[in-house]
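Structure first, then comments.
Only the coordinates and a few stated rules stand behind these numbers; no lab work does. This one's a predicted model, so the numbers in the text were calculated from it and none came from an experiment. FYI the Cβ positions are ideal-geometry reconstructions off the backbone, even for glycines, and counts take in every protein chain you see.
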């Protein structure tokens, strides 16, 4: 009797992520998975991005947090469609959570969907959600050595926003060393030096995002 | 036939953590598990603590990181016994990693063992290591809303160091709101407002640590 050997099967998360992506593509929604440490500025970046792009395209948001709705409330004030996912003790979003959240978003009216993942430089890296681009937000106060200590999150990322550059004057942060360490992990990644407080660098970031978005026509 | 019902069994991690703790107690070593977001200042706090206490007690360090030895090298320069644990893609330290690291530390010559966990506000909370105290480092640039979004890490903690208070002038951070949110989760927790850059608040923190330590006599 021949033993059947099962090979190259997608894991359960990847199967659902693929379905999510098909549905996003069908509705011409470009999806960005935003990952960072806690407090690096994911919500601020989402709000500042939406303020700059909302006249050009329709933006929706999924907010991931263990508990509370404080981020979703901030997004709601900008009159954007938003769904909050509370994971309880879960350390990352996964494709099935996104699949459920999608059902509560008007996909036909959204061009760009920004997903704020749980603040964590490790676990979210292992779970695709159905996104088109993966973006890391690092922040100056975290220090320039983070790529050396948490390389895994940079491996599959398309861009790194280096946030809080307005604090550079008060901190030791070697921008060249940071970028060099990231490029050693992932040479193709794009960098954006940004301050969500002063607005520096946000136009360049929004241009990149606009180029990455295939809007409904 | 009676069905045997197995109840109240410790999980594997807790069994090893208990063994670690027994061994620490036998050697009169006080062990502190230090948890935080990436870049909140765990290594800086360890270095500044060691500089202030090294004439009073013998200090050892275990450094946890996914990759690299940059933190362990900083500790080594202070002439402290140190072991680096590299977890690869692991998002937290566990008791078995500590059990192995302990074998490479001169426990009979150590009064206080500082363990730097992986930078992560979620996963480390679920794994006891055999420690006597659990300490969270939050930092001002992360924002005052972190206890609302990541409550789990504060539940069993004994103290919170609020680091980088020298940056308060440049950021919106409501100290009272932060402390209130933490106390809602854990009313018994102690707070230390600290700057590892200016040295502010470190003496109070070191006094607490000294009181918590049962040194060899």
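Residues of the range B:122-144 with an amide N closer than 18 Å to a point placed 7 Å from the Cα of residue B:15 along the Cα-to-Cβ direction: B:127-130. Position residue A:8: other-copy label points at 5.4 nm, ordered by increasing distance, label point 7 Å along Cα→C-beta. Take the Cβ atoms of residue B:180 and residue A:5, set R0 to 41 Å, and the FRET efficiency comes out at 0.10. Here is how far apart the residue A:70 label points are across copies: 2.8 nm, shortest first, using a point 7 Å from Cα toward Cβ.
Can you bin the range B:107-172 into rounded, prolate or oblate? Criterion: square roots of the alpha carbon gyration tensor eigenvalues sorted a ≥ b ≥ c, rounded for a/c under 1.5, prolate for a/b above b/c, oblate for the rest. It is oblate, given that a/c is not under 1.5 and a/b is not larger than b/c. For peptide B:30-38, the mean count of partner chain Cβ atoms within 10 Å of a residue's Cβ comes to 3. Placing pseudo-labels 7 Å out from each Cα toward the beta carbon at residue B:170 and residue B:89 gives an inter-label distance of 3.6 nm. Here the chain A residue lying nearest the rotation axis onto B, judged by its C-beta and given with the distance in whole angstrom, is A:141, 2. The Cα atoms of the range B:46-91 give a gyration tensor whose axes a ≥ b ≥ c have a/c of 1.5 or more with a/b greater than b/c, which makes the shape prolate. Sorting A:65, A:156, A:94, B:55 by the number of Cβ atoms found within 10 Å of their own Cβ, with the fewest placed first, yields B:55, A:156, A:94, A:65. Taking all Cα pairs closer than 8 Å and separated by 6 or more residues, the relative contact order of chain B comes to 26 percent. Remark: label point of residue B:54 defined 7 Å out from Cα along the Cα-Cβ vector; separations to the same position in other copies 5.4 nm, ascending. Taking only the Cα atoms of the range A:124-217, the radius of gyration and Dmax are 13.8, 46 Å.
Compute the projected area of the convex hull of the Cα atoms of the protein assembly as shown, averaged over all viewing directions, and report it in nm² to one decimal place. Averaging across all directions leaves 27.1 nm² for the Cα convex hull. With the simple model of a label 7 Å out from the Cα in the direction of the Cβ, residue A:70 to residue A:190 spans 3.1 nm.
Fewest first, what order do B:191, A:24 take by the number of other Cβ atoms within 10 Å?
Values: B:191 18, A:24 21.
Starting with the residue having the fewest Cβ neighbours, the order is B:191, A:24.
When Rg and Dmax are taken over the Cα atoms of chain B, they come to 17.6, 72 Å.
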